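The values are calculated or read from the model by the stated rules, or taken from the named source; none is laboratory data. Note that this is a predicted model, so its numbers are computed, not measured. Don't worry about glycine lacking a Cβ; one is built from the backbone with ideal geometry, like all the others, and counts go over all protein chains shown.
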Amino acid sequence: MSVRLYQHGEDIYLTGAGATPCLRWYRDAGRWMAEPVDLPDPATSVTVDEVPDDLREELLAFVVRASAMGAPESQHFGN
């Protein structure tokens, strides 16, 4: 299984990391926040390079934590 990134509007969605099927990452008062949601149908696939730098750091840290908590070692960002 691989980690996938999607975008809909300003929000970034992460799938395939840990037990949560989909996390929506959104800005709130200048901070990135995450919440479990269903992936919206109109979301489009994006690469990690298309994600804002400050969120990219958050996502990488999240994936590492999910991996340490038992997600498969083979997970990686895919397209």
Of those in the range 24-41 that are part of a strand (DSSP E or B) and not basic (Lys, Arg), the residue nearest to residue 6 (Cα to Cα) is 25
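Filter the range 10-58 for residues that are of a type in the set (Gly, Ala, Ser) and either closer than 25 Å to residue 69 by Cα or loosely packed, with under 13 Cβ neighbours inside 10 Å (or both); which is modelled with the highest pLDDT? If you could, list the steps in order and put the result at the bottom.
Taking the range 10-58 and keeping what is of a type in the set (Gly, Ala, Ser), we get 16-19, 29-30, 34, 43, 45.
Right, trim to either closer than 25 Å to residue 69 by Cα or loosely packed, with under 13 Cβ neighbours inside 10 Å (or both) and you get 16-19, 29-30, 34, 45.
Details: 16: 87, 17: 82, 18: 72, 19: 75, 29: 94, 30: 90, 34: 93, 45: 97.
Top of the filtered list is 45.
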